[in-house]
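What follows is a single structure, written as structure tokens, with notes after it.
The values are calculated or read from the model by the stated rules, or taken from the named source; none is laboratory data. Remember, predicted model here, so these are calculated numbers, not experimental data. Cβ coordinates were reconstructed from backbone atoms using ideal geometry, including for glycine residues, and neighbour counts include every protein chain displayed. When the accessible area is computed, the model is the full protein with side chains, heavy atoms only, and any ligands, DNA or RNA have been set aside. Shrake-Rupley method; radii C 1.70, N 1.55, O 1.52, S 1.80 Å.
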Amino acid sequence: MNILVVGAGGREHALAWKIAASPLTSRLVCAPGNPGMAEVAAIRPVAATDVAGQVALAREIGADLVVVGPEAALEAGLADALAEAGVPCFGATKAAARIETSKAFMKAFADRHGLATAAWRVFEDAAAAKAYVRATPPPHVIKADGLAAGKGVTIAGATAAADAAIDAILGGRFGAAGARLVIEEFMAGEEVSLFALADGERDLLFGAAQDHKRAYDGDRGPNTGGMGTYAPPPVLTADLEALARRRLIAPTVRGLAAEGAPYRGVLYAGLMLTPQGPRLVEFNARFGDPECQVLMLRLESDIVPYLLAAATGGLAGVPDPVWRDEAAICVVLAARGYPDAPQSGSAIRLPPRETLGDGVVIFHAGTARGSDGALIAAGGRVLNVCARAPTLAEARARAYATVDMIDWPEGFHRRDIGWRALSG
């Protein structure tokens, strides 16, 4: 099969790495890609949101399947355009992707279909939003309505912090994504990420992970797109997973189809595990980043049949995926200044591949080549150091041993990824 992977981050590198290992893959192209992806695929400089360019590239290479990584490409309508061109696409249409691209749509959808989630209100006026904060008990969860790269969420315990978040969002910090905001009830519990594939009618569970959103050790600092993750999360039992599928995943797939927006691709449910059972924090219309990285390390099955089945309505014909009986962990290395003002251009020196430990992979998330060919930072989250081992403690030791071999003084990372599972 000829396969095109759309995107340039760590999630897309992990997908390309796994797809390249499939005996079904005859040609793999990534666009726009990154230096790490260039080791497993041909790279073409077409932006993920360049819909016409991506469709033209898919036609040029005779793509049998296009795998869309980033949510911005879905919001731009890439899956819709590929459908019009007759190219199978693993990725939600623009209408179906609204479960991620609009927090207000997602919350209203949850209410329409009886999905357990936090109480919420949507606002376009700062004064009205602030009045609501004063009339309801803290803490408040304040979210930009649209896509903000994982940075548009504030958990405000004090009125002043809530006011600042409201002013930042409605004042233009996130552009059009902040034209309105959602204020939610705070839910206490442990948050986990549950994934399922959907083919428009059916759903199939596809792994789980636990993320670390805050920038610094001890869950301090601003929210980010994710500073590390591990899988499987011990807190998500098989019974809880089945309950979340029955109460949240399956009704969502059915509900989107009933509303004329059948969902094809991966459905990412952010769950809060509460005493009342799993409650929905958010939906994402793509693999999580960096959750995808640990899923790909643990997935024993060939991924390509699953991607193709979801894209073409064929999930009934594939078995449940097989997972390695091992733990996996991902440590994100970010540029100084991330998430607000990451500094680009600093040189990165990676250890030789043959020196990496068993089960260790470094995925590129925000890298480029300088004019001299050297590897440089070109984003906020720059590298994903991932490791797999029989236990999470061993996987973490392997990952941090590799982190310590990377020569990049201008980067930073958390040293406590996996603490929830390892401290229990």
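For residues in region 140-164 being part of a loop (DSSP other than H, G, I, E, B) and touching a residue at least 24 places away in the same chain (Cβ under 8 Å), which is farthest from Ile99 (Cα to Cα)? Looking at residues that are part of a loop (DSSP other than H, G, I, E, B) and touching a residue at least 24 places away in the same chain (Cβ under 8 Å), I get Lys151.
One line per residue, one yes/no per condition, for (1) closer than 30 Å to Gly379 by Cα; (2) crowded, with 23+ Cβ neighbours inside 10 Å:
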site	(1), (2)
Leu74	yes, yes
Ala79	yes, yes
Leu115	no, no
Ala131	no, no
Ala149	yes, no
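Screening the candidates Leu197, Leu204 for the property of being touching a residue at least 40 places away in the same chain (Cβ under 8 Å) and open to solvent by less than 10 Å² (accessible area, probe 1.4 Å) yields one hit, Leu197.
Residues that are modelled with pLDDT of 95 or more, outside any strand (DSSP E or B), of a type outside the set (Asp, Glu) and crowded, with 22+ Cβ neighbours inside 10 Å: does region 254-273 have at least one? For region 254-273, residues modelled with pLDDT of 95 or more, outside any strand (DSSP E or B), of a type outside the set (Asp, Glu) and crowded, with 22+ Cβ neighbours inside 10 Å: present. Of Ala116, Ala104, Ala52, all but one fail to be among the aliphatic types (A, V, I, L, M), in contact (Cβ under 8 Å) with a residue 24 or more places away in the chain and touching a Gly at 6+ places or on another chain (Cβ under 9 Å); the exception is Ala116.
Cβ-Cβ contacts under 8 Å between residues 6 or more apart (or on different chains), taken from a first residue in region 243-254 that is under 15 Å from Asp111 (Cα atoms) and β-branched (Val, Ile, Thr) to a second residue that is assigned to a helix (DSSP H, G or I) and open to solvent by less than 20 Å² (accessible area, probe 1.4 Å), are listed as Thr252/Ile99; Thr252/Phe109.
Determine whether region 382-401 contains at least one residue that is small (Gly, Ala, Ser) and on the phi > 0 side of the Ramachandran plot. It would help to see each step written out before you state the result.
Keep residues of region 382-401 that are small (Gly, Ala, Ser), which gives 387, 389, 393, 395, 397, 399, 401.
Then drop every residue that is not on the phi > 0 side of the Ramachandran plot, which leaves none.
No, the conditions are met nowhere in region 382-401.
Taking (1) modelled with pLDDT under 90; (2) not in a strand (DSSP E or B) in turn, Asp167 satisfies each apart from (1). Selection of first residues in region 173-192 that are at positive phi and of second residues that are outside any loop (DSSP other than H, G, I, E, B), restricted to Cβ pairs under 7 Å at least 6 apart or on distinct chains, gives the following pairs, ordered by first then second residue: Gly189/Met272; Gly189/Leu273; Gly189/Thr274.
Take the conditions (1) buried (at least 19 other Cβ atoms within 10 Å of the Cβ); (2) not polar (S, T, N, Q); (3) not in a loop (DSSP other than H, G, I, E, B); Leu243 misses just one of them, which is (1). Scanning region 292-304 for residues that are crowded, with 16+ Cβ neighbours inside 10 Å, under 20 Å from the mean Cα position of the chain (by Cα), at pLDDT below 95 and under 26 Å from Pro262 (Cα atoms) turns up nothing.
None of Val192, Val122 is at pLDDT 95 or above, open to solvent by 50 Å² or more (accessible area, probe 1.4 Å) and either among the basic types (Lys, Arg) or not in a helix (DSSP H, G or I) (or both) except Val122. Being of a type in the set (A, V, I, L, M, F, W, C), surrounded by 21 or more Cβ atoms within 10 Å (Cβ to Cβ) and not in a loop (DSSP other than H, G, I, E, B) is a condition met by no residue of region 39-54. The residues of region 207-223 that are open to solvent by less than 50 Å² (accessible area, probe 1.4 Å), touching a Lys or Arg at 6+ places or on another chain (Cβ under 6 Å) and not small (Gly, Ala, Ser) amount to a single one, Asn223. Taken residue by residue, region 226-233 has no member that is farther than 21 Å from Gly9 by Cα, at pLDDT 95 or above, crowded, with 24+ Cβ neighbours inside 10 Å and of a type in the set (Phe, Trp, Tyr).
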